[in-house]
Structures are given as structure tokens and as C-alpha cells.
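First up is the structure itself, then whatever we jot down about it.
The values are calculated or read from the model by the stated rules, or taken from the named source; none is laboratory data. Small disclaimer: the values here were computed from a predicted structure and weren't measured. Cβ: placed from backbone, ideal geometry, glycine included. Neighbour counts: every protein chain shown. For the accessible areas, the whole protein counts, side chains as well, though only heavy atoms, and no ligand, DNA or RNA atoms are used. Shrake-Rupley method; radii C 1.70, N 1.55, O 1.52, S 1.80 Å.
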Amino acid sequence: MKRIGILGMQGAIEEHEEKLRKLEGIEPVIVKTREKLAEVDGLILPGGESTAMGRLLNYFDLTEPLKHAIETGLPVWGTCAGMILLAKDIEGQDERYLCTMDITVRRNAYGSQLDSFSCRKEIPEISKDPLPLVFIRAPYITKLGQKVQAVAEVDGNVVCAEQENMLVSSFHPELTDDARFHEYFARKFV
Ligand code: GLN
């Protein structure tokens, strides 16, 4: 049995938990403390509000232990705000959070008109059949470092990428009825 944690500060926590419960051999764990962090084999940083999550990470003294765990190989998947937490650079703001992944992100990149939308997209690394992608005030990646591989683009913008033990997606697979993305993280990273 492998344990996949979900950072339990704020945001779409239960939705990830529900998806992980559907996977064989995976036990979801809500992570709010250093002790729980030490128990997991992988971690999901959910979507929500990156500024709020960043503050809560500091408040609960989790920023440094989490950064250290990721830098020493803990598999991590950041969805939406989770992607922003992992980014080394955030356009237009000085505040940074975990700074472990060599990407620059643009927050709320789709502006007000396309604030939230969904589409279907083939992502060959994950599945032969198109996946449902749900974007909610989503960021996208505007710069990728040398070690970063783009996994999916929508309208020419990178919305999913990987670097070593880190996976990020602008969209929310936990808000669909499709568990293939969770399966991909569990199988390839954890
Ligand atoms: N707009 C949010 C942020 O900048 C992210 C939105 C989300 O996670 N759905 O943190």
C-alpha cells in the first residue's frame, strides 16, 4: 500500500481524496503537519488560492519541511494553485512559495472572459483517449527551465509539465469523473 498525501491547508482537498480512494493500492492521507508529511510516499498540492495556502504553510511551519522533502525527492503534483506554490517565478509578484520547480507562471492567465472553462484534450503520455480538462482562474506556464518537459498545451500555452519528481497541471482532474490523471501520478511518480 502506498500513501499519497493531500496538503490539507485550503482548497479542493476532499475531491482529490475521493479520486485517490478509487485507485488500487493507494491510501490517501490529509497532510497538515510535519509528522503526517513524513508518512507519505507522494503529495498532491490542491487547487485553491495560492496566496492563502502560502500563508497557511508559513503559519503551520510547513514551508521549509515541505521544500526540503520535495528537494530530496518526494513525488509531488501541484494542481492549479499548487502549481503556483511550486514555481520558481511568478509573473508580476515578488512573493514566492516553495520555489522548487524551474518554471515561470502567470496567475489568472485566462483573464475575466475565459476565467473558467473546460475542454477535452489528448495527452499521449497519460492516455490515448482525450481527457476532460477543467480550468478555474487558472495559471499557465510562460517559461520552462532546461530540466522541465511540457506535457500538454492548450491554445499554445503549456498547462501541464514535469521536472524530475514534480508534476504540475493548470487544470483540475479532481473535479471531473475521470481518474486517469491521478492514476498517472500514482503510477509514474510515486
Ligand atoms: N487563481 C488562483 C491563484 O492564483 C488559482 C485558482 C485555482 O487553484 N483554481 O492562486
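Here are some notes:
- Just one of the listed residues (E162, E153) is surrounded by fewer than 17 Cβ atoms within 10 Å (Cβ to Cβ), without any contact (Cβ under 8 Å) to a residue 24 or more places away in the chain and either within 14 Å of the chain's Cα centre (by Cα) or assigned to a strand (DSSP E or B) (or both), and it is E153.
- Strands (runs of 3 or more DSSP E) lying entirely in region 37-134 (those with 3 or more residues that are within 15 Å of the ligand (Cβ to nearest atom)): 76-79, 87-90, 101-106, 116-121
- Qualifying residue in region 45-68 (condition: touching a strand residue (DSSP E or B) at 6+ places or on another chain (Cβ under 8 Å), aromatic (F, W, Y) and under 24 Å from E15 (Cβ atoms)): no
- Qualifying positions in region 151-190 - charged (D, E, K, R), within 19 Å of N108 (Cβ to Cβ) and within 16 Å of the ligand (Cβ to nearest atom): none
- Counting the residues of region 8-36 that are away from the ligand (no atom under 16 Å from the Cβ), not acidic (D, E) and not in a helix (DSSP H, G or I) gives 10.
- Summed over region 117-140, the residues that are closer than 17 Å to C80 by Cα and either in contact (Cβ under 8 Å) with a residue 60 or more places away in the chain or open to solvent by less than 10 Å² (accessible area, probe 1.4 Å) (or both) give a count of 6.
- Applying a threshold of 9 Å to beta carbon distances and a minimum spacing of six or more residues, or different chains, the list of pairs starting in region 178-190 at a residue that is in contact (Cβ under 8 Å) with a residue 12 or more places away in the chain and within 15 Å of E18 (Cα to Cα) and ending at one that is part of a helix (DSSP H, G or I) and among the aliphatic types (A, V, I, L, M) reads A179/L20; H182/L20; A186/L20.
- Complete set of residues in region 10-44 that are in contact with a strand residue (DSSP E or B) (Cβ under 9 Å, 6 or more places away or on another chain) and basic (K, R): K19, R21, K32, K36
- Residues of region 135-150 classified as more than 12 Å from the ligand (Cβ to nearest atom) and assigned to a loop (DSSP other than H, G, I, E, B), total: 4
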